[in-house]
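A.B. asks: Before I ask anything, let me first share the structure, which is written out below as C-alpha cells.
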Protein chains: 2
Amino acid sequence: MIESFNIERRQIHEQIYENLKNAILNGQIKPGQKLSQDELAKSFGTSRMPIRDALRLLQSDQLVETLPNKGFTVVEFSEEKLKDTFFFRSILEREAVKLAKGRLTSQDIENLDFLVAKMDECIDQGNLTEMPQLNHEFHLTIYNAIPSQKMLETIKMLWEVFPRYAMFSTNENAIASQTKHKGIIEAIKEDNYDLAAQLMEKHIQMTNVWPNIIQKEGI
Amino acid sequence: MIESFNIERRQIHEQIYENLKNAILNGQIKPGQKLSQDELAKSFGTSRMPIRDALRLLQSDQLVETLPNKGFTVVEFSEEKLKDTFFFRSILEREAVKLAKGRLTSQDIENLDFLVAKMDECIDQGNLTEMPQLNHEFHLTIYNAIPSQKMLETIKMLWEVFPRYAMFSTNENAIASQTKHKGIIEAIKEDNYDLAAQLMEKHIQMTNVWPNIIQKEGI
DNA sequence: AATAAAACAATTATTTGCAATTTTCAAGCA
DNA sequence: TGCTTGAAAATTGCAAATAATTGTTTTATT
C-alpha cells in the first residue's frame, strides 16, 4: 500500500538546515551564540552527523562560522557588514529593475499594487508584523522577472544575511518605504524604468541606517 | 620549546575541499562524474566523514549536486547556465569598473600594464597555458579596489563556476581579449571609467560564445 | 517465454565509539 | 594577589559499524 505521494523525501539534515536557518533569521538563535553539536543533536533527536551536514551548508551561507576544534557559532552582525550588504544590494536591485523592463506582466503589476495596498493597511492598523514578508514579496515580484537566474539567486541570498526581526522596527521606516514603493510602481506603469531603478537604488540605500535597523539591545 | 608558528591548522576536510575544487575546475574530474564517498575516502586515505564535509561545501558552491541515496555528482555545464553566468558577470564587472574609479592606485595601474605585457608575451610565444591565471589577475586587480567585500566575493564566486581548462582555447580569443584589456587600461588612465566599464561589459559578453569556450569533446 | 517476486549487491544515510584538542578550574608558586 | 601549571571535563574531529535505500540479477510462476 502506498503510504503517501510525497515525492520529495526530505533528509534529516535538510530539515535541520531549514530549522536552524529560520531560527537564526527569526532571531530565536542570537548572533555570537555557540552551536554545540551535541546539544543540537539532542534537541533534534538525531546524531551529530546530520547536524554537521546542516552546519556546513549554513557555513557556506555565511550564517555561521567555524573554528577548528572550537565548533560553530552564529555570525555577528557588524555595522560594516551591514553597510556593505546594503550597498551591494542597492547596485544589484537597481540593475534588476532596469532588467525587469519589458518582462513584468500586467499580472505582476497588479500584484505589486495589491501588496502596497496591503502594506498600507498594516500601517493604518498599526500592525507591522506582516510588513517584512509583504515587503519581501513586493521586491521579489519585480526581481523574478529578470532574465538571470544567478543574479536572482544572489539577490535572494543577500536578503537572507540579516535577521528578519531587525527590519522595519519603526513606523516611520515603514511609511518612508511605502512612499518609495509607490514611486517605483508609478514609474514602472509609465514604463520609465530608469527612474524606477534610481528610486529603487535610493530606497535600498535609505534602509541602510544602522540604528534604525538593528537595535543593539535587541541583539 | 615552541613547536611551530603555524597558527592556521588545516583540517582534513578543508584540504579535501580545495583538492576537489581544483580538480573540478582544472577538469581532472569531469562534469557528470559520480563522486563515490567510498572511493574518495580510499584515495584520500581518510574516512568518509571529512569527505562529506567537503562535499557539502562544494554543494553550496554549486560545483556538485546531490540526490538523496544517490550521492554526489559533478554538475553539468549547460549552454544556458553558461550564458546566464556570463550575462550576470557582464553587469557585475561593468559596475565594478565604475566603482574602481578613484580607488585604483598608480601601483595597481602599473600592475595592469605589467600583466597585459606578460599576456602579450604568452601570445607571441604561442604558449597559452598561463593565460587564464594572468587574465584572472588582471581582472581581480581592478575589482579588488571596489568598496564592497560582498560584491567582490560574488564576482570571485562567478569566476569559479566553470572549469578553467575551458577558457582561452584559441589564439584568436586571447588576441581579442588583449585588445579589450588594452582599451580598458587606456580608458582608466584617462580617468574615463564610464568608457572602461562599457568596454568591460562588452569584453565579458564577448567571451560568452559557447563553442569557443567549451569544446564538447573536451568534456 | 514473459512477467513478477525475491534475494542479492552496492552505495548512501545515520549511529556509535574513540582519539585529539580545547576549556576549565583548582593547586602551586612568585 | 596575580600568574603559571597541570589534570579533569567537555567538545570536536575522525573512524568504523550499522541501518536503510536503490538497482540488479536470479528465481519462480503463469
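A.B. asks: Search the range B:82-127 for residues being within 14 Å of chain A (Cβ to nearest Cβ) and aromatic (Phe, Trp, Tyr), and hand back the single one that is nearest to A:LYS150 (Cα to Cα).
C.D. replies: B:PHE88
A.B. asks: I'm trying to understand the selection: among the residues of the range B:45-80, which are more than 11 Å from DNA strand C (Cβ to nearest atom) and open to solvent by 70 Å² or more (accessible area, probe 1.4 Å)?
C.D. replies: B:GLN62, B:GLU65, B:GLU76, B:GLU79, B:GLU80
A.B. asks: To continue, here is another question. B:LEU134: within 14 Å of chain A (Cβ to nearest Cβ) and part of a helix (DSSP H, G or I), yes or no?
C.D. replies: Considered against the rule, which asks whether it is within 14 Å of chain A (Cβ to nearest Cβ) and part of a helix (DSSP H, G or I), B:LEU134 comes out as no.
A.B. asks: Right, here's the next one. Hey, could you check the range A:20-44 for residues that are closer than 29 Å to A:PRO132 by Cα and of a type in the set (Lys, Arg) and say which is most open to solvent (accessible area, probe 1.4 Å)?
C.D. replies: Among residues in the range A:20-44 that are closer than 29 Å to A:PRO132 by Cα and of a type in the set (Lys, Arg), the one most open to solvent (accessible area, probe 1.4 Å) is A:LYS34.
A.B. asks: Right, something else. Can you name every one of the helices (runs of 4 or more DSSP H) wholly within the range A:139-219 that holds 2 or more residues which are at pLDDT 95 or above and away from chain B (no Cβ under 14 Å)?
C.D. replies: A:171-189, A:193-207
A.B. asks: Also: Can you confirm whether A:GLN107 is within 17 Å of the chain's Cα centre (by Cα) and away from DNA strand C (no atom under 14 Å from the Cβ)?
C.D. replies: So A:GLN107 does not fit the description; no.
The values are calculated or read from the model by the stated rules, or taken from the named source; none is laboratory data. Note that the structure is a prediction, hence the values are computed from the model and not measured. Backbone-built Cβ (ideal geometry, glycine too); neighbour counts: all protein chains shown. Just so you know, the surface numbers come from the protein's heavy atoms only, side chains and all, with ligands and any DNA or RNA stripped out. Shrake-Rupley method; radii C 1.70, N 1.55, O 1.52, S 1.80 Å.
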